[in-house]
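Participant: Here you go, one structure.
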Amino acid sequence: MGALRLPSLTSIFAVSSARRSLFPRRSKQLYVRKLTSSAKVFAKTTPATEVATAESNQKSSVQEQGITPRSQDFNAWYLDVISAAELADYGPVRGTMVIRPYGYAIWEAIQDYLNIKFKETGHSNMYFPQFIPYSFIEKEASHVEGFSPELALVTVGGGKELEEKLVVRPTSETIVNHMFTQWIQSYRDLPLMINQWANVTRWEMRTKPFIRTLEFLWQEGHTAHATPEEAEREAMQMIDVYTKFSYEQAAIPVIPGRKSRVETFAGADKTYTIEAMMGDRKALQAGTSHNLGQNFSRAFGTQVSFYFNPYFFRIRYLIKNQNYFLYIKTLSMQFADENGQREHVWQTSWAVSTRFVGGIIMTHGDDAGLMLPPRLASIQVVIVPIWKKANEKDEVLDAALSIKDVLHVAGIKVKLDDSDQKTPGWKFNFWEMKGVPIRIEIGPRDVSSRSVVISRRDIPGKPGKVFGISMESSVLVPYIKEKLDEIQSSLLDKATAFRDSNIVDVSSYDELKEAISQGKWARGPWIG
């Protein structure tokens, strides 16, 4: 397992008071290193720029304007797709976003898959408060140093100044460790393996929808183990879970690896990551798994709280000639091993976030808009009925509804677009832009012949159309399922071919610079 240095993604855009426009800025190119296996991969990236928010009445419809061609301006295309496909919108606070139902459905699909995998690997879901005492953050030196610039602090509550500042959760290692000290006393309490689905706040100055915002959604797993070997196996196991999800569900061919020391998570001994090549050949950190060693368990060894525990000392007070005992638990992230010796636990943490939604957009989308992998699509098939005369409408709609029911019973996520406010051509373009994998077209002639027309989103135009597919359930259902599997595989194959064609092997610094200047990733030896 080699080290990966993650690049940031480019986001060059601003919103004017009249309409959204893009202002590309020339900036110094950064060399970004990534390592896979025993070789280092280098990718070029430019710093991300700010998202400026705009009032809704100042934004014109992207659908009416059309989507900027992907090859012409990747960042403008990305923003147009998010808006036109109704994935998200700008929040009222600068740097925030509102995730709309169609965008949130993708996140729900991610949750559904990962929740099963987490529980299969022995983890339980729970929830921790989003307000964290500032003193907790300060306990681990590298942690506070790494997160301090991004912290959002609460200093007033209930109209009064707080005695201690509260941090709005940037990540949960500190508060998790505070609670672990109360739950872990013996080796019998280990391993302790939990996960939470939560929101996180990091005061980013440069933002981009789904990729980097002030607030985002994620899952974060936290585990405690009796030995360093167990912790390392856990960290590796979870990066494998993320890797399989990326390939099998998101159809994104990520490169797993270990980050360099300078890019390791603040407070961790090792950080493993999965890196994906986007359509503009920039790299996206899609998920991370950290081996925290004993850093946090040692940092929390002096915390004191008033909870009864077998490991206590007592302070005797003489009050009015009566003895009162105050039992004080000495919090320490230690446990008693089989020999009764006190040891600090070994820990991990790991996470993926709504950034994955942005990765799906940038990996698979094209000039027509979004292209969703069938396994993550909330609508896998859309049915568009076609009629010209009033007397054709009822029979066409009846046939379309029958097909919808058949597919729904078969477990296929299907939508019937029976609205009559838009033309069939408009609907074709709209659902293509929304990335629905398969479109079924049915008109009067199709009803007569008991057949339909099938269009694949991943193959544009006539090459992606098949005519005369029987609407009989025994034929249509297996055909649709087969095509959904083909599309899932096709998206992965296409993304893999694109990635591999943009990685070159280098053996010298000059070759590396040449590869970077061409916008490619460079794979070569790295001394560490």
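Participant: Going by what's in this entry, would Ser490 be described as of a type in the set (S, T, N, Q), out of contact with any helix residue (DSSP H, G or I) (no Cβ under 8 Å at 6 or more places or on another chain), open to solvent by less than 80 Å² (accessible area, probe 1.4 Å) and closer than 23 Å to Ile412 by Cβ?
Facilitator: yes
Participant: Looking only at region 261-289, filter to residues that are aliphatic (A, V, I, L, M) and within 30 Å of Asp367 (Cα to Cα); which one of those is nearest to the chain's Cα centre (by Cα)?
Facilitator: The qualifying residue nearest to the chain's Cα centre (by Cα) is Ala286.
Participant: Right, here's the next one. Could you tell me which residue of region 172-189 is nearest to Ile132 (Cα to Cα), considering only residues that are in contact with a helix residue (DSSP H, G or I) (Cβ under 7 Å, 6 or more places away or on another chain) and in contact (Cβ under 8 Å) with a residue 12 or more places away in the chain?
Facilitator: Ile175
Participant: Mind checking which residues of region 92-107 are in contact (Cβ under 8 Å) with a residue 40 or more places away in the chain, of a type outside the set (Gly, Ala, Ser) and closer than 11 Å to Val357 by Cβ?
Facilitator: Met97, Ile99, Tyr102, Ile106, Trp107, listed by residue number.
Participant: Out of all the residues in region 390-425, which are open to solvent by 40 Å² or more (accessible area, probe 1.4 Å) and touching a residue at least 60 places away in the same chain (Cβ under 8 Å)?
Facilitator: Within region 390-425, Ser402, Val406 qualify.
Participant: Which one of the conditions (1) part of a helix (DSSP H, G or I); (2) open to solvent by less than 40 Å² (accessible area, probe 1.4 Å) does Gly95 fail to meet, given that it meets all the rest?
Facilitator: Of everything listed in (1) part of a helix (DSSP H, G or I); (2) open to solvent by less than 40 Å² (accessible area, probe 1.4 Å), Gly95 misses just condition (1).
Participant: Would you check if there is a residue in region 490-502 being in contact with an Asp or Glu (Cβ under 7 Å, 6 or more places away or on another chain) and hydroxyl-bearing (Ser, Thr, Tyr)?
Facilitator: Scanning region 490-502, I find at least one residue that is in contact with an Asp or Glu (Cβ under 7 Å, 6 or more places away or on another chain) and hydroxyl-bearing (Ser, Thr, Tyr), so the answer is yes.
Participant: Can you tell me which residue within region 260-318, out of those that are at pLDDT 90 or above and farther than 20 Å from Ser349 by Cα, is most open to solvent (accessible area, probe 1.4 Å)?
Facilitator: Arg281
Participant: Can you tell me how many residues in region 461-485 are touching a residue at least 12 places away in the same chain (Cβ under 8 Å) and out of contact with any helix residue (DSSP H, G or I) (no Cβ under 8 Å at 6 or more places or on another chain)?
Facilitator: Total satisfying the criteria: 7.
Participant: Any residue in region 449-462 that is of a type in the set (S, T, N, Q), open to solvent by 60 Å² or more (accessible area, probe 1.4 Å), closer than 28 Å to Ile67 by Cβ and within 31 Å of the chain's Cα centre (by Cα)?
Facilitator: no
The values are calculated or read from the model by the stated rules, or taken from the named source; none is laboratory data. Keep in mind it's a predicted model, so treat the numbers as computed, not measured. All Cβ positions, even for glycine, are placed from backbone atoms using ideal geometry, and neighbour counts span all protein chains on display. Quick note on the areas: whole protein, heavy atoms, side chains included, nothing else; ligands and nucleic acids left out. Shrake-Rupley method; radii C 1.70, N 1.55, O 1.52, S 1.80 Å.
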